[in-house]
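Trainee: Structure provided below as structure tokens; questions to follow.
The values are calculated or read from the model by the stated rules, or taken from the named source; none is laboratory data. What you see is a predicted model; the values in this text were computed from it and never measured. Neighbour counts run over all protein chains shown; Cβ positions are idealised from the backbone, glycine included. All accessible areas refer to the heavy atoms of the entire protein, side chains included, with ligands and DNA or RNA removed. Shrake-Rupley method; radii C 1.70, N 1.55, O 1.52, S 1.80 Å.
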Amino acid sequence: TLEIVQSLYEKKLTTYPRTDARVLTTAVCAVIGTNLKGLGSLPEYSGYVQDIFTAGTWKGIAKTKYTNDAAVSDHYAIIPTGKTAEVNKLTDAERNVYHLICRRFLSIFMPPAEFEKMEADFVANGECFHCSAENLLSPGWLGVAGKIPDTSVARQKIATVKAMRQGSLYPASFSASEEATQAPKRYTSGSMILAMENAGQLIEDEELRAQIKGSGIGTSATRAEILKKLFNIKYLALNKKTQVITPTLLGEMIYDVVLNSIRSLLNPELTASWEKGLNYVAEGEITSDEYMTKLDHFIVSRTNGVLGLNNQYQLRSCYDRAAAFYKKETKGRASKGKKE
């Protein structure tokens, strides 16, 4: 997806893609009308843009939650530029991503969606059952976002409950079913980048978690490249069709080596602790020399620790355990070795 967004940027259809910002700046808001006017030339958005200009909602966007100068470090959120000359030349994938950006952008100028909400409690055989439903009254921003939900069932529920009277008795039938929990979904290229960005959520220590918040692993400009390198050196495998990421045997071997030698390298708390040290240097609480001394000591002590290890048999058992799940891969390597 990053390559697609980069292509849209090079075609001058969207703004700079390597950003983790979710908001705009006041400077951009001052000229946002130009972006909107350009999108109005596209048939699918002309009606929405006309409504936005008629309502004048674009004028006050700088005072909403979508604008925050303090939350933008280098580049603001990705938005359409309003230039549409290259739109007809896009591939299917590029077109889908472009229209997703356009719809998300136009959504912030649209009115909120309005729902009719119903909640009710029922008692049967001494057990309390809770029922709720939402019926869409006005789509608002959901219309341009293409997320209008089907509330036909909700309307039926609401109509049924409205016809009931509190304290009255009604016939009912219900049953219980037993289900198993589902395993967590595998990471995709997109969800992995989000996980890297929010790596601090895995840290239990509140102070360290706060320290790494907003930074995570890598930066908005490097996270995708980090993943790409892991694919290229065969530590991870990417299913190009589903974008699902899976480990390779080599990747599991590297993980086991690090796990059994310098376990702390696998914990985001280590990154958070060094980030905390850098902040101490910036705030003048410690000197840069003190920070480097601690860093040098960490590297030297851990390196000497690894050199003193004699855990070949332990690593061999780790390999055998992992290799059992990669029989095709190991057979392929063995066959290739015979031919050579």
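Trainee: Which of (1) in contact with a Pro (Cβ under 6 Å, 6 or more places away or on another chain); (2) loosely packed, with under 15 Cβ neighbours inside 10 Å is the odd one out, the single condition Ala199 does not satisfy?
Mentor: In the conditions (1) in contact with a Pro (Cβ under 6 Å, 6 or more places away or on another chain); (2) loosely packed, with under 15 Cβ neighbours inside 10 Å, Ala199 misses (2) alone.
Trainee: Give segment 70-92 a look and list any residue that's out of contact with any helix residue (DSSP H, G or I) (no Cβ under 7 Å at 6 or more places or on another chain) and more than 15 Å from Lys12 (Cβ to Cβ), or say none.
Mentor: If the condition is that a residue be out of contact with any helix residue (DSSP H, G or I) (no Cβ under 7 Å at 6 or more places or on another chain) and more than 15 Å from Lys12 (Cβ to Cβ), then Ala70, Ala71, Val72, Ser73, Asp74, His75, Ala77, Thr91, Asp92 are the ones that fit.
Trainee: Considering only residues of segment 202-229 that are under 19 Å from Thr271 (Cβ atoms), at pLDDT 90 or above and within 19 Å of the chain's Cα centre (by Cα), which is most open to solvent (accessible area, probe 1.4 Å)?
Mentor: Ile226
Trainee: With the requirement that a residue be closer than 18 Å to Gly40 by Cβ, in a loop (DSSP other than H, G, I, E, B) and open to solvent by less than 30 Å² (accessible area, probe 1.4 Å), what does segment 85-139 give you?
Mentor: Scanning segment 85-139 gives a single hit, Phe109.
Trainee: From the list Ile245, Ile299, Ile286, which residue is open to solvent by 40 Å² or more (accessible area, probe 1.4 Å), at pLDDT 90 or above and closer than 26 Å to Gly200 by Cβ? Break it down into steps so the answer makes sense when it comes.
Mentor: Values: Ile245 fails: open to solvent by 40 Å² or more (accessible area, probe 1.4 Å); Ile286 fails: open to solvent by 40 Å² or more (accessible area, probe 1.4 Å).
Answer to the check: Ile299.
Trainee: What are the residues in segment 255-268 that are surrounded by 16 or more Cβ atoms within 10 Å (Cβ to Cβ) and under 26 Å from the mean Cα position of the chain (by Cα), if any?
Mentor: Of everything in segment 255-268, just one residue is surrounded by 16 or more Cβ atoms within 10 Å (Cβ to Cβ) and under 26 Å from the mean Cα position of the chain (by Cα), namely Pro268.
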